[in-house]
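**Q** My structure is below; once you've seen it, I'll send some questions.
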Amino acid sequence: MIPIDLTGKVAIVTGGIQGLGKTTALMLKRAGAKVAVNYFDDPAGVSRQRADETAAELGDAGLVMAADVRSRSDMKSFFEAVKTRFGRIDFLINNAAILRDRSVKNLTDDEWDAVVETNLSAVFKVSQTALPFLQDGGRIVNMASISGVIGFFGQANYSSAKAGVIALTKVLSRELAARRINVNAVAPGVVLTEMGASIPEAAREQMLSQIPMKRFGDPEEIASVILYLCSDLSSYVTGQTLHVNGGWWG
């Protein structure tokens, strides 16, 4: 047996209070890492309740803080708080994302801008802001999507953003190789999170028919790949997009 032990390491998971982000944060904690997650503090207070729940689950090994991934100043303050609390930052998992699905014919500028800003531009801004804080030999893992590879009806904004994440991952891997920082992307298929459940039933059934394994992914199955990319087992893996989709290729 080859265990993955991240004791002494510190990970950041953006948007880590729900869904795949939270599953990843808890898995990294189980592997021994200290874990910090940020969240968008919505006016309704829903995020704060989830943040409190996540903080309780992470315990002393965690830090949960409101910070908008679209804001360089918010994220700089967040990274400074993590560094002060835990002394270092080894892993950055760019997970935060939103959906605003609509056909191109009906897609508004605001819906396009909101998705591209959160799902692509923020990955650039967060990664750039993180560089002075990230340990040499660290890892960046960007969440892409099968949608960014094959494109889905009604997801021009989301597919374009995720395709951009894949390209950005390749560039970052080249630019950060001198610091031994490996940069990879994970492209899940449909995963049974709140976001996955928001897909209309008819569309989900049509998607399911195209998956050779005849099932959707479980969040832990995606988090396990992220755990691998944060481990020493992936020391020669960089610039790659790992497709975790049950064999689904459109």
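The values are calculated or read from the model by the stated rules, or taken from the named source; none is laboratory data. Computed from a predicted structure; not experimentally measured. Cβ placement follows ideal geometry from the backbone for every residue including glycine, while neighbour counts extend to all protein chains displayed. Surface areas here come from the heavy atoms of the whole protein model, side chains and all, with no ligands, DNA or RNA. Shrake-Rupley method; radii C 1.70, N 1.55, O 1.52, S 1.80 Å.
**Q** Please report, ordered by residue number, the helices (runs of 4 or more DSSP H) entirely within segment 116-190 with at least 3 residues that are open to solvent by 50 Å² or more (accessible area, probe 1.4 Å) and over 20 Å from Ile12 (Cα atoms). Write out each step before concluding.
**A** Details: elements: 122-130, 147-150, 156-175.
Hits in segment 116-190: 156-175.
**Q** Please pick out the residue among Gly239, Gly196 that is open to solvent by less than 20 Å² (accessible area, probe 1.4 Å) and at pLDDT below 95. Don't jump to the end; show me each part of the working.
**A** Details: Gly239 fails: at pLDDT below 95.
Answer to the selection: Gly196.
**Q** Here's another thing I want to ask about it. Please count how many residues of segment 191-203 are assigned to a loop (DSSP other than H, G, I, E, B) and under 17 Å from Trp248 (Cβ atoms).
**A** Going residue by residue through segment 191-203, those that are assigned to a loop (DSSP other than H, G, I, E, B) are 192-193, 198-200.
Then drop every residue that is not under 17 Å from Trp248 (Cβ atoms), which leaves 192-193, 199.
Qualifying residue count, segment 191-203: 3.
**Q** Exactly one of (1) modelled with pLDDT of 95 or more; (2) open to solvent by 40 Å² or more (accessible area, probe 1.4 Å) is unmet by Val46. Its number?
**A** Val46 satisfies all of (1) modelled with pLDDT of 95 or more; (2) open to solvent by 40 Å² or more (accessible area, probe 1.4 Å) except (1).
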